[in-house]
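Take a look at the structure set out below.
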Amino acid sequence: RAVALILVLCVSGMRAETARYSVPEEAERGSFVANIGKDLGLTGEELLARQVRLVPEGEKQYLELNQHTGDLVVREQMDREELCGQSEPCLVRFEVLLESPLQSFRAEVRLIDINDNSPVFLNKEIVLKMPESAMPGTRFLLESAHDPDVGNNSLQHYSISSNEYFRVYTQRRNDGGRYAELVLDRALDREHQAEVAFSLTAVDGGTPPRSGTASIRVVVLDINDNIPVFTQTLYKVSVMENSSQDTLVVIVSASDLDAGTNGEIVYSIFQNSEENLKTFKINPETGQIRLKKPLDYEEKKNYEIDVQATDGGGLSTHCKVEVQVKDVNDNAPEVIITSLTSSLSEAAPPNTVVALFNVRDRDSGDNGRTTCELTGEQPFRITLLAAGAYALVTSETLDREQVEEYNVTVRARDEGSPALSALKTLLVRLLDVNDNAPTFTQAIYTMVMSENEPAGRSLGRLSATDPDAGENAHVRYTLVPPPTGALAAASFVSVDSESGTVRSLRPLDYEKVSAFEVTVRAADGGSPPLSAQAVLRVVVRDENDNAPVLLHPPPDSSAAGELVPRWAPSGYLVAKVVAVDADAGQNAWLSYELAKATEPGLFRVGLHSGEVRTARAVTERDAARQRLIVLVRDRGQPSRSATATLAVALVDDFSDAFHQLGHDPASGQQPQVAEEELLTTYLIASLCCVSSLFLLSVLVLTASTLCKSCSRTALPPPSPTCYADGDIASDGVGVGSTGTLSPAYRYEMCLTSGSGRSEFQFLRPILP
C-alpha cells in the first residue's frame, strides 16, 4: 500500500516523482504492493499506450509492473536481512518511466521486517568463573545473542532459569542493541556449592516471539580479592576506512593489585558480536587491538567492542571501545543510465531529451557530493532533474550531413580530496530527414547526336547528388513536360530514371531540328520529395545526306539554251549555274567545275560562283553549237554531286540564233531536235506577243498622257508611290542565308536600231 506523499519536480517539461510503498519481507511472488496507475492518475490503457516500465536502482529486479492494470507486484522474494542487514529502513528503489511524453517517477518500497529469525548465542555453553568472595550486587557481563531481525522483531530482553544466586538485567547499548548483565543476589560459598548452572534465554519482540537459549555454568573460585581495573571504562577512537590489515586501533590497559598469578592480566574481546570478532583482534598480553581486515565506511560506520581483562585468579572486568570509521574518498561516482534514445532525428528541436541517468557516490559528505558535466564541444547539455538525477538534452539544432553520430561522454566528479571521477560514453546516432534537395553537377548539359542516328543510342549521362541518406538520397530523373504548344522535344530523347543516362528515341533530321532543349528534374525519395532542375541541350550534328539541288538551269529541262555572240571576248559571262544544298557547314559548301564540253578550252566555270564564262575570245572556227556539262559538288564526306547541262549557241545575230538552236548537225538524236524546233517556235510566238503588247502599251501611254494634260487642273496633286524590290511578285525560290544561291540574276534584251528585220541582236547580262 502507498505510505507517503508524492514529490513532484518539474524540469524541462518532465517531472520526477517520489512515492513510498511498503511490503513485508519474504512476500510470495506475485504479492500485491500498490497500484501505481491510480497513484499517477492514469488508466490501464494510458499506461499501456505510454509504455510504462520499471527501472531498478540495482542490477536485480525484485518488483514488476502490470502494464494493463498498473499493479506493482513482487517478482522475487526479498530477504530483508540479506539485502540490508541491520540497516533500517530497508528500501528497494526504482524508477517508473513513461513515454510520449517522457516522464520519470521515483519510487521506493520499504521492506517490513517479519520475525523470521530467532536469537542465537555464539556459544551454547557459557562458563563464568567467580570468586567466592564476590559481593552481592556484583555485575557480570554475559555473552550477547544475535538476532538479524530489526525493530520489535529483534532481541528485546534476557531471562534466566530459576536459581538462588543470580538474576539477569537487560541493558541497551548506544546502537540500540541489547546485552545481558548477570547480578549476584547472594554470596557464593565454594565449599557449599562449587558450581552453579542455569540457562540464559534471549527473547525477541515478534508475534509470536522467538527465543534462543544458552547454558551458563558458574565456577566458584577460591578467594582472589582484587579484580583487574581498566584505566578507562570507555575508549573512543577513530580509524580511517582505508586503513590496512594489522593497523593498530587502540591499546587498552588494566591493572591488578594482586601479586603472582592473580595479578597477571589477560585481555580478550568479549564475544558479543560475530562481526567484531571477524574485524578486530587483541593481543592478550599487551592489550593492542588491531584490524583483521580493512574497514568500509559504506558498510558500517561504527563498532562497539567489549574488552575483558582477566587476572590469573579468574577475576575479570570489562571496558568498552567505540570505534568510529572515518570516510575516505575511495568510491568513484557511478553513472547509471535509466533511459537512452540511441537514435535521434536530426530534426529534433533543442531541449529534446536524449537520455536519463542517475549519478551515485557511496561516500558521504563532500566525498559523496557530485557534479556532472560533458566533455568536448557537442550540441548537448545536462539538465538537473532532482538530487542525483539528470537528463541529457539537445542544446541546438542537429545536422546529420555534418555529423552522423556522436559519442557523448558524461563525466561525474565528486568533491573529495583528491576528487574521483567516472566517465560514461553514450552513442547517439542521427536519423536522416529529407532536408536537402538533389544538386546537379552542371546547370546546363550539352550533348551531341548525329543526324539520322538510330534510336536507343546513349548520348551521355546526367548526374545529381543528394547529401541525405537512404531513400532521402535516392535520386530519380525525369523529363519535365514542355508547355502547351512548345516543341515536343521530350519525344526525341529519354532519361533513365535511375542512372540518368540519356538515350535517343528516334532519328532526327538536322534540316528540320538542328538543336533542342529539355528540362530534366532530379527528385529524391523523401516524403515529401525534394527536387532540382537542369537544362539538357542536345545539338544535332549534320550529316551529308542531301545532294546539291539545281535551281538554274532547272533540273527538269534537258538542256538550257544560251546565246553567245561571236564577237564575245575572253571572260564573257555566258550563264550562271545556281545550286543549293540543304545541309549545313562544310556539307553545304558547293564547288563548280566543268565536267565536259564540246570545246574544253573555250569555256571555264567559277569554282565557287558557278559562273560560266569564255576562257578566250570566240573565233569563227568554233562550232556554232556548244554543249557544256557542269558538275556541282559539296564538301561532305563522302561528297554528293549534281550536274547541269547547258546548250550554248554562237550567233552573229538572232536569226542565226534561231537557226542554230533549231539545228544541231552534231546531234543524232531526233527527239531532241524536235524539242529544239518546238522551243524555237515558242520563242518566235513569244516575241510577237511581246512586240504587240509593247506597241499597245505605247499607244495607251500616249492616250493617257493627253488625257492627263487636259484634266491636270481638276485632279489633286499626285501622291508619290515607291515600290521596293520586295513588292514585285516573284516566282523564284527563296533561299535562306545558309544556301548558296546568289542574289537575283536578271537579263536585259537589247534591240539594234539598224535591224530591219526587228530581231534580237544579242543578250547582255546585267550584274547587280
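The values are calculated or read from the model by the stated rules, or taken from the named source; none is laboratory data. Predicted, not measured: the structure shown is a model, and the values here were computed from it. Here the Cβ is made from the backbone with ideal geometry for all residues, glycine too, and neighbour counts use every protein chain on show. The protein model used for the area step is the full one, side chains on, heavy atoms only, and it has no ligands, DNA or RNA in it. Shrake-Rupley method; radii C 1.70, N 1.55, O 1.52, S 1.80 Å.
Residues are listed down the side, and each one gets a yes or a no for (1) among the hydroxyl-bearing types (Ser, Thr, Tyr); (2) more than 60 Å from the chain's Cα centre (by Cα):
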residue: GLN103; (1), (2): no, no
residue: ILE112; (1), (2): no, no
residue: ASP116; (1), (2): no, no
residue: LEU122; (1), (2): no, yes
residue: MET130; (1), (2): no, yes
residue: LEU141; (1), (2): no, yes
residue: SER144; (1), (2): yes, yes
residue: PRO148; (1), (2): no, no
residue: GLY151; (1), (2): no, no
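Being surrounded by fewer than 18 Cβ atoms within 10 Å (Cβ to Cβ), under 60 Å from the mean Cα position of the chain (by Cα) and assigned by the TED database to the domain that holds GLN637 is a property that does not hold for GLY571. Take GLU28 and tell me if it is at pLDDT 85 or above, open to solvent by less than 20 Å² (accessible area, probe 1.4 Å) and among the acidic types (Asp, Glu). Taking the combined requirement at face value, the residue does not satisfy it.
Would you call ARG503 in contact with an Asp or Glu (Cβ under 8 Å, 6 or more places away or on another chain) and open to solvent by 30 Å² or more (accessible area, probe 1.4 Å)? When the stated conditions are applied, ARG503 passes them. Listed conditions (1) over 28 Å from VAL359 (Cβ atoms); (2) crowded, with 16+ Cβ neighbours inside 10 Å; (3) within 46 Å of the chain's Cα centre (by Cα) are all met by THR43, apart from (2). From THR397, THR441, grab the single residue that is over 20 Å from the mean Cα position of the chain (by Cα) and closer than 21 Å to ALA473 by Cβ. Within the list THR397, THR441, the selection yields THR441.
Results for (1) at pLDDT 85 or above; (2) of a type in the set (D, E, K, R); (3) in contact with a Cys (Cβ under 6 Å, 6 or more places away or on another chain), shown as yes or no for each residue.
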| position | (1), (2), (3) |
| --- | --- |
| PRO548 | yes, no, no |
| PRO555 | no, no, no |
| SER558 | no, no, no |
| TRP567 | yes, no, no |
| GLY571 | yes, no, no |
| GLY585 | no, no, no |
| LYS596 | yes, yes, no |
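Please determine whether any residue of segment 476-494 is at pLDDT 90 or above and at positive phi. Looking for residues that are at pLDDT 90 or above and at positive phi, one finds none in segment 476-494, hence no. In a strand (DSSP E or B) and free of Cβ contacts under 8 Å to residues at least 60 places away in the same chain: is that true of GLU593 in this structure? It is true that GLU593 is in a strand (DSSP E or B) and free of Cβ contacts under 8 Å to residues at least 60 places away in the same chain. Within segment 518-528, one or more residues are among the aliphatic types (A, V, I, L, M), crowded, with 16+ Cβ neighbours inside 10 Å and either more than 30 Å from GLU405 (Cα to Cα) or in contact with a His (Cβ under 7 Å, 6 or more places away or on another chain) (or both).
The set of residues from segment 32-89 being part of a strand (DSSP E or B) and either closer than 30 Å to LEU155 by Cβ or assigned by the TED database to the domain that holds ASP147 (or both) comprises VAL33, VAL74. The set of residues in segment 608-634 that are in a loop (DSSP other than H, G, I, E, B), out of contact with any Asp or Glu (no Cβ under 8 Å at 6 or more places or on another chain) and open to solvent by 30 Å² or more (accessible area, probe 1.4 Å) comprises HIS608, SER609, ALA615, ARG616, ALA617, THR619, GLU620, ARG621.
Restricted to segment 83-104, and to residues there that are over 30 Å from SER144 (Cα atoms) and among the polar types (S, T, N, Q), the residue that is surrounded by the most Cβ atoms within 10 Å (Cβ to Cβ) is SER104.
Scanning segment 257-301 for residues that are more than 24 Å from ARG178 (Cβ to Cβ), out of contact with any Gly (no Cβ under 6 Å at 6 or more places or on another chain), touching a residue at least 40 places away in the same chain (Cβ under 8 Å) and among the polar types (S, T, N, Q) yields a single hit, GLN288. Scanning segment 586-607 for residues that are more than 20 Å from ARG566 (Cβ to Cβ) and open to solvent by 40 Å² or more (accessible area, probe 1.4 Å) yields a count of 7. Looking at ARG457, ARG461, just one residue is charged (D, E, K, R), touching a Lys or Arg at 6+ places or on another chain (Cβ under 9 Å), within 24 Å of VAL520 (Cα to Cα) and surrounded by fewer than 19 Cβ atoms within 10 Å (Cβ to Cβ), and that residue is ARG457. The number of residues in segment 529-544 that are open to solvent by 60 Å² or more (accessible area, probe 1.4 Å) and more than 30 Å from the chain's Cα centre (by Cα) comes to 3. Give, as residue ranges, the strands (runs of 3 or more DSSP E) completely inside segment 448-501 that count at least 2 residues that are farther than 30 Å from ALA347 by Cβ. Once the strands (runs of 3 or more DSSP E) in segment 448-501 are filtered for at least 2 residues that are farther than 30 Å from ALA347 by Cβ, what remains is 458-461, 493-495. Residues that are part of a strand (DSSP E or B), under 60 Å from the mean Cα position of the chain (by Cα) and assigned by the TED database to the domain that holds VAL321 do not occur anywhere in segment 226-236. Scanning segment 168-204 for residues that are in contact (Cβ under 8 Å) with a residue 60 or more places away in the chain and under 18 Å from ASP149 (Cα atoms) yields ARG173, ASN174, ASP175, GLY177, TYR179, ALA202, VAL203, ASP204. Count of segment 502-529 residues, restricted to those that are over 13 Å from MET449 (Cβ atoms) and in a loop (DSSP other than H, G, I, E, B), is 8. Regarding segment 501-514, can at least one residue be identified that is modelled with pLDDT of 90 or more, under 33 Å from the mean Cα position of the chain (by Cα) and not β-branched (Val, Ile, Thr)? Checked segment 501-514: no residue is modelled with pLDDT of 90 or more, under 33 Å from the mean Cα position of the chain (by Cα) and not β-branched (Val, Ile, Thr).
Considered as a group, the residues in segment 574-585 that are of a type outside the set (Lys, Arg) and either under 18 Å from LEU631 (Cβ atoms) or crowded, with 22+ Cβ neighbours inside 10 Å (or both) include one that is farthest from the chain's Cα centre (by Cα), and that residue is VAL574.
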